[in-house]
Amino acid sequence: MSIYDDSPSLLCHGSSHPLDASQRILSAPVLHRRFKTSAQPTQARKDGVMQHGSLSREQRKRSSDVWCYRWWESGPTGRRIHRRIILGTVEQLHDKRAANQATVGLRREINSHDIRTKTTLMTVAQLADHFRQRELLDSNTRITYSTKKAYAGYLTKWIVPRWGPNALQHMKAREVELWLASVQRARSTRAKIRNVMSVLFNHARRYDLFDGNPIQWVRQSAKRRSAPNVLTIEEVRHLLAALPPRERILVFLDVSTGLRQSELFGLQWQDIDFEIGELSVTRSVVSQVVGTCKTEASQKAIPLHEDLIEALKGWRQQNPYKEARHWVFASPSSGGKNPYWGQQLMRRDIRPVAEKLGITKRIGWHTFRHTYSTLLRAVGADLKVMQELLRHSTIRVTLDTYTQAVTAAKRTAHTAVVSLIVGNVE
C-alpha cells in the first residue's frame, strides 16, 4: 500500500491495529464520519494563503483515542487530494499542544511554497517527527522492517535526546563530531548514529525543509578495535556434539552455510531442494515480521553437502510441521505459525552449553557466519567464490568485515615466505 493510497476503505474507524503501526498516511474523505471528533476547522489554501490543516481527536472501539491530522495537496494530475495521518495515541501525545507540535514538519512541507515558512526555524526533533511520519510507516515497502526499526531506535535513544531542541540551521559538523567521540559505544555504533543523522538531513533536503547537510562533513570511522569472535574447528565440533537435536541442526546449518539469523529462521521447507542439494534464500524474519532479504545478492542459491541434507531430512521426519510452506524451525508454542525466536534459543540453550565446554568467546548467531567465512579462507577458497557463498554485494565486505586468517594458516604462509628468502640467500 502506498503512503498516498486514496482508498476510503483504509480509514481507521473501528481499527484494532497496534499503534506502532499507526503512523501511516491514509487518504480520508471528510464525509460520513461515524465517530466523535473535536476538530479545528480546516483553513483551505488559496494562492498565497498558508494551509494549517485540521487536528482532531478520534475514538477507537478497541484501543485508545488517537490524534489525527488532515490536509490537502495537489496529486499527480493536479487535482486536490485529501490526506490523513494518525500522529499517535493520547498516551503518546498527552494533549492538543503536544499533538500540534508533531505536525510542525508536515505543515512546513505542505506550505513549502510560502516564503513565511523560510523565516521560522525547524528543530531536529520536528524533523525526526516528519521522518517517522513519511519514511517509517508500515506501508513504506522501500525500507525493510529491520532498517525502520534500527532508524527509530537511533533517533529515540541517541539523536533526539541530544540534538532535538537544536534548530537545523544551528547544527555544526564539528560539534556533532566531538559529541560522537564522547559516546561510550563501539566505533561501528557511532558510525551508524552518524549515518542516521545524515539520512535525516537528506530527508529534509528531499522535502524542501532544509537545504544543507552538515553531517556530510562529520568524520567517524566504523573500523573495529578488535576482530570479531570466530570459533575454531575443534570448538565447532565439540559444540555440535554437546547440543540437543534442535539446537544441533540449527548451528550445523548456520556454521555450514553462513546464513544470517533472519534468513535462518525465515527458511521454509519449500526453499530446500533435496534432489539437487540446494537452498534458496527468499525471505527474512525479524522480530516475527516477514520481509525481503537484505540485498539482491542475498537471494542467491546456496549448495548443501550430503551430510547437511541428511541432517535436514532427519529433522523434518521428527518435526510435526513438514509441509512445503511450513517453517523449517517452526515454533510449537505458536502452532507452527511462526518460527522460533532466535535470540531466545541462543541465550537460553546454546550459550550455556558453550560455557560448560569452556568456550569463553561471546557467541551469537553472527559468530557462526564469521566462522564460516574464516573457514572458507582457511581451506583456500577463491575470493570470488567466498563472496558468492556469503552473498555479499562486494568483495570488499568479504575481506574487510568477515574474514580472518586462522593462526595455522598464518604460520604456514609465514614459513613459506621465510623459506624462499633463506633459499635465495643460500
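In a residue-by-residue description of segment 232-240, the property of being under 16 Å from residue 312 (Cβ atoms) and at pLDDT 90 or above applies to at least one position.
Answer with yes or no whether residue 385 is more than 14 Å from residue 255 (Cβ to Cβ), in contact with a helix residue (DSSP H, G or I) (Cβ under 7 Å, 6 or more places away or on another chain) and of a type in the set (A, V, I, L, M).
Numbers: more than 14 Å from residue 255 (Cβ to Cβ): yes; in contact with a helix residue (DSSP H, G or I) (Cβ under 7 Å, 6 or more places away or on another chain): no; of a type in the set (A, V, I, L, M): yes.
So residue 385 fails the test.
Note on segment 148-188: residues that are among the small types (Gly, Ala, Ser), under 15 Å from residue 131 (Cβ atoms) and touching a residue at least 12 places away in the same chain (Cβ under 8 Å) total 3. Within segment 257-270, the set of residues being of a type outside the set (Phe, Trp, Tyr) and either surrounded by 19 or more Cβ atoms within 10 Å (Cβ to Cβ) or free of Cβ contacts under 8 Å to residues at least 12 places away in the same chain (or both) comprises 257, 258, 259, 260, 261, 262, 263, 264, 266, 267, 268.
Residues considered: 279, 312, 345, 267. Of these, the only one that is in contact with a helix residue (DSSP H, G or I) (Cβ under 9 Å, 6 or more places away or on another chain) and over 27 Å from residue 388 (Cα atoms) is 345.
Which of the following residues is within 21 Å of residue 213 (Cα to Cα), outside the structural domain of residue 212 (by TED's automatic domain parsing) and either of a type outside the set (Ser, Thr, Tyr) or outside any loop (DSSP other than H, G, I, E, B) (or both): 108, 83, 174, 194?
On the way: 83 fails: within 21 Å of residue 213 (Cα to Cα); 174 fails: outside the structural domain of residue 212 (by TED's automatic domain parsing); 194 fails: outside the structural domain of residue 212 (by TED's automatic domain parsing).
From the options 108, 83, 174, 194, the qualifying one is 108.
Scanning segment 202-232 for residues that are aliphatic (A, V, I, L, M) and in contact with a helix residue (DSSP H, G or I) (Cβ under 7 Å, 6 or more places away or on another chain) gives 204, 209, 215, 218, 222, 230, 231.
Taking the condition at pLDDT below 80, more than 20 Å from residue 249 (Cα to Cα) and assigned to a helix (DSSP H, G or I), does residue 374 pass? For residue 374, the condition - at pLDDT below 80, more than 20 Å from residue 249 (Cα to Cα) and assigned to a helix (DSSP H, G or I) - is not met.
Filtering segment 196-208 down to residues that are closer than 16 Å to residue 160 by Cβ and of a type outside the set (Ser, Thr, Tyr), which residue is surrounded by the fewest Cβ atoms within 10 Å (Cβ to Cβ)? It would help to see each step written out before you state the result.
Applying the first criterion (closer than 16 Å to residue 160 by Cβ) to segment 196-208 yields 196-201, 203-204.
Keeping just the survivors that are of a type outside the set (Ser, Thr, Tyr) gives 196-197, 199-201, 203-204.
Working: 196: 20, 197: 25, 199: 17, 200: 25, 201: 22, 203: 19, 204: 23.
For segment 196-208, the residue satisfying everything is 199.
Out of everything in segment 209-240 that is aliphatic (A, V, I, L, M) and more than 16 Å from residue 168 (Cβ to Cβ), what residue ends up being surrounded by the fewest Cβ atoms within 10 Å (Cβ to Cβ)? Restricting to residues being aliphatic (A, V, I, L, M) and more than 16 Å from residue 168 (Cβ to Cβ), the top hit is 227. Mind checking whether some residue in segment 324-339 is in contact (Cβ under 8 Å) with a residue 60 or more places away in the chain, over 24 Å from residue 233 (Cα atoms) and surrounded by fewer than 19 Cβ atoms within 10 Å (Cβ to Cβ)? No, every residue in segment 324-339 fails to be in contact (Cβ under 8 Å) with a residue 60 or more places away in the chain, over 24 Å from residue 233 (Cα atoms) and surrounded by fewer than 19 Cβ atoms within 10 Å (Cβ to Cβ).
The values are calculated or read from the model by the stated rules, or taken from the named source; none is laboratory data. Quantities reported herein were computed from a predicted structural model and do not represent experimental measurements. Note: ideal-geometry Cβ built from the backbone for every residue, glycine included; neighbour counts use all protein chains shown.
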